[in-house]
Amino acid sequence: MEKDTLVIGICGGSGSGKTTIIEELMHLMKQRQPALLSLDNYYRDINEQVKDEHGQTNFDLPTAIDSDAFVQDLKRLLNGESLRIKKYTFNVRGQQEYIDIPYSKIILTEGIFLFNIPEAMELI
């Protein structure tokens, strides 16, 4: 792992201000060009989602996130690699966008279930 890399994690419920805080941090640190790794881009495909007792897809469970892929990508950033990840488009079929995340000495992470991932917590 790269030495002196700072990983900051922002967690909270929907509407709690995670995006606002991340945008402000990105602005304040723009000269240092922080990397942003959002848990939102790690939602599992709708076909892989758990259904609730009413047979409805429930995205508000920690199992909705591919936490293994998130941790793997976070480790790649910590090892000095850049990433190209698929942007999650909330199950809009046929639309594929990608996000390039360059390596940085500052990595910002955010997501509703971020602090529910023990491996990620060890890295933050």
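The values are calculated or read from the model by the stated rules, or taken from the named source; none is laboratory data. Since the model is a prediction, treat every value here as computed from it, not as a measurement. Here Cβ is always computed from backbone atoms with ideal geometry, including for glycine, and neighbour counts include all displayed protein chains. The accessibility values were calculated without ligands, DNA or RNA, using every heavy atom of the protein model including side chains. Shrake-Rupley method; radii C 1.70, N 1.55, O 1.52, S 1.80 Å.
A few notes on this one:
- At a probe radius of 1.4 angstrom, the accessible area of the chain per residue rounds to 62 square angstrom.
- Distant-in-sequence amide H partners of Val7 (H built 1.01 Å from N, under 5 Å): Ile107
- Mean Cα-pair separation over length for the chain, i.e. relative contact order, pairs under 8 Å, 6 or more apart, %: 43 percent
- Segment 107-115 - phi-based ³J(HN,Hα) in whole Hz, Karplus 6.51/-1.76/1.60, Gly and Pro as x: 10, 9, 10, 7, x, 5, 10, 3, 7
- Kirkwood Rh (inverse of mean 1/r, distinct Cα pairs), the chain, angstrom: 15.3 Å
- Each residue of segment 45-57 was assigned a 3J(HN,Hα) from its phi angle through the Karplus expression (A = 6.51, B = -1.76, C = 1.60, θ = phi - 60°), giving 4, 4, 6, 9, 6, 6, 9, 7, 5, 9, x, 8, 5 Hz with x at Gly and Pro.
- Here Lys30 is the anchor, and the lysines within straight C-alpha reach of less than 30 Å, apart from those fewer than 8 places off in the same chain, are Lys3, Lys18, Lys75, Lys86, Lys87, Lys105.
- Within the listed set Tyr88, Tyr98, Tyr43, the residue fluctuating most in the Gaussian network model of the chain (springs between alpha-carbon atoms under 10 angstrom) is Tyr98.
- Amide hydrogen proximity for Ile101: with H placed 1.01 Å from N in the peptide plane, the residues at 5 or more positions away or on another chain lying under 5 Å are Leu83, Arg84, Ile85.
- Segment 24-85 has equivalent-ellipsoid semi-axes of 30, 14, 8 Å, by the square roots of 5 times the alpha carbon gyration tensor eigenvalues, sorted largest first.
- In segment 59-124, the GluC sites (Glu not before Pro) that fall in loop regions by DSSP, at most 15 other Cβ within 10 Å: Glu81
- Acute angle (nearest 10 degrees) that the helix 18-28 long axis makes with the longest principal axis of the chain, alpha-carbon atoms: 20 degrees
- Protein accessible area in the chain, 1.4 Å probe - carbon and sulfur %: 48 percent
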